[in-house]
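The values are calculated or read from the model by the stated rules, or taken from the named source; none is laboratory data. As the structure is a prediction and not an experimental result, all values here were calculated from the model. Please note: Cβ atoms are built from the backbone with ideal geometry, for glycine as well, and neighbour counts cover all protein chains shown.
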Amino acid sequence: MTIRIMLAALAASTALLVTPAQAEGQGETLARAFFGADSTQARQTALAAMQQAAPTDNSARFALGSAQFFAAVEGLSQDLSRHGFTPPGGRRQWSMLPLSWPDKVEPLDYDGLRALLARFETGLEQAAATLATVSQDEPVGIVIGFNDARFDMRGDGAIPADGSFLNILAGFGGALPANPDGQPPRLEFRFDNADAIWLQGYANVLMAQTDFLLAHDFRRGFDLSLHSLFPRAGLPLQEELAPEDDEIRGFWDGRAADALSFIHLLDWPVADGAARARVRDRLLEVIRLSRANWAAIRAETDNDREWLPGPQQPGVHPIAGRDVSEETVAGWMATLDLAEDVLEGRALIPHWRFPGRGLNIKRLLQDDANFDLVLLLTGPAALPYLEDGKVVSERDWGEIQRMVGPGNFLSTAAWFN
């Protein structure tokens with residue numbers, strides 16, 4: 001998953017740290033207790049209270065679904081930390097994040113990695129199911145302060161203040177608005193019913209990626225290249241090849257070599273055909289939810305610290321650094337239409353080696369053949385999925401980028417979902 005997607009998902013998952021004047025229902029108090037908790041025990045107590053209130057309170061259901069999403073992402077972070085996970089750029093590159101290895105890094109093997117990914121997906125499934133029960137007819141409006149919401153990367157019982165979402169945003173290189181007095185800026189967003197749909201969509205984005213990994217047997221890639229990500233977890237080649245420190249010594253350091261090894265080993269047999277087919281189902285659900293989300297946004301009549309504003313809610317977003325125009329939304333709707341056509345096999349993905357023909361992604365995801373990235377890109381593995389028909393053109397893509405712009409299309413897509 002991309003860093004931008006994770007960042008946006010984490011932002012939404014902390015969407016329930018509230019101020020009293022803005023929330024409807026019990027979600028206010030429950031969410032403040034959960035996201036502002038300074039210990040694991042306090043957070044678990046707040047979660048239990050959400051579960052008790054959710055059946056009869058719409059805001060509590062929003063709080064619970066968001067908390068479940070947050071807990072799944074936080075749990076994955078803690079699992080990775082226990083095994084000494086090191087980001088691809090080394091920990092020093094992520095110096096703003098509250099990253100630290102535990103005193104004793106736990107060993108990790110291939111089956112253990114699959115187990116923690118499956119646990120992550122189970123948590124996301126639960127969150128998506130809860131968020132789907134949030135009524136769009138009962139207003140919810142809950143304010144989050146990014147300075148106060150805490151994210152527990154360590155999982156050692158105490159939730160540190162340096163794990164505020166503002167710090168995490170800065171650690172990922174987020175562009176924070178300037179504050180003339182030199183103090184950290186105060187970032188607040190008011191999350192509403194449309195954002196429950198948005199977050200449900202993000203759960204499906206992440207589950208699609210997890211399903212794709214779990215659908216395949218990538219044991220060789222794990223054994224022969226992932227020691228760069230888990231340099232203390234006892235992977236097979238740790239002693240010979242794992243990085244000794246966090247310094248980046250140039251492109252051709254060990255991490256770059258291990259990345260090349262991983263790409264070379266991207267010839268993955270299918271281990272679970274149902275999970276591979278679910279990837280497409282998840283992505284189609286993301287499209288459906290994104291359309292529903294934008295319908296809800298377009299129906300809003302207020303303009304109060306919107307996380308994802310519509311064209312009728314003008315103002316420069318403090319993180320994105322832009323507003324959203326009618327043309328931007330039209331471009332995004334065209335993006336969704338095109339993505340749906342590709343996933344349904346009505347439009348084909350072009351391949352540089354086969355002019356006039358394209359790849360049928362629907363058939364590729366429904367097939368049980370090995371996923372071989374290199375041979376797919378060079379041509380041999382693409383042959384079974386080539387068809388004549390409507391091929392997505394550079395002109396189609398260029399027009400969408402023009403409408404969705406300004407800025408980086410992928411950044412906008414990560415924000416819009």
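Worth a mention:
- Residues that are surrounded by fewer than 21 Cβ atoms within 10 Å (Cβ to Cβ), assigned to a loop (DSSP other than H, G, I, E, B) and in contact with a Ser or Thr (Cβ under 7 Å, 6 or more places away or on another chain), drawn from the stretch 116-152: 147, 148
- Among residues of the stretch 398-411, those that are surrounded by 12 or more Cβ atoms within 10 Å (Cβ to Cβ) and within 30 Å of residue 216 (Cα to Cα), counted: 2
- Reported count of residues in the stretch 348-384, each being small (Gly, Ala, Ser) and exposed (fewer than 14 other Cβ atoms within 10 Å of the Cβ), is 3.
- The listed residue being closer than 30 Å to residue 302 by Cβ, surrounded by fewer than 23 Cβ atoms within 10 Å (Cβ to Cβ) and touching a helix residue (DSSP H, G or I) at 6+ places or on another chain (Cβ under 7 Å), out of 206, 199, 187, 213: 187
- Within the stretch 291-346, the residues that satisfy the criterion of being among the aromatic types (Phe, Trp, Tyr) and closer than 25 Å to residue 392 by Cβ are 294, 332.
- Helices (runs of 4 or more DSSP H) fully within the stretch 322-413 counting 2 or more residues that are under 30 Å from residue 292 (Cα atoms) and of a type in the set (Ser, Thr, Tyr): 326-343
- For the stretch 23-48, a tally of residues being surrounded by fewer than 17 Cβ atoms within 10 Å (Cβ to Cβ), at pLDDT below 80 and either touching a Phe, Trp or Tyr at 6+ places or on another chain (Cβ under 9 Å) or not acidic (Asp, Glu) (or both) returns 0.
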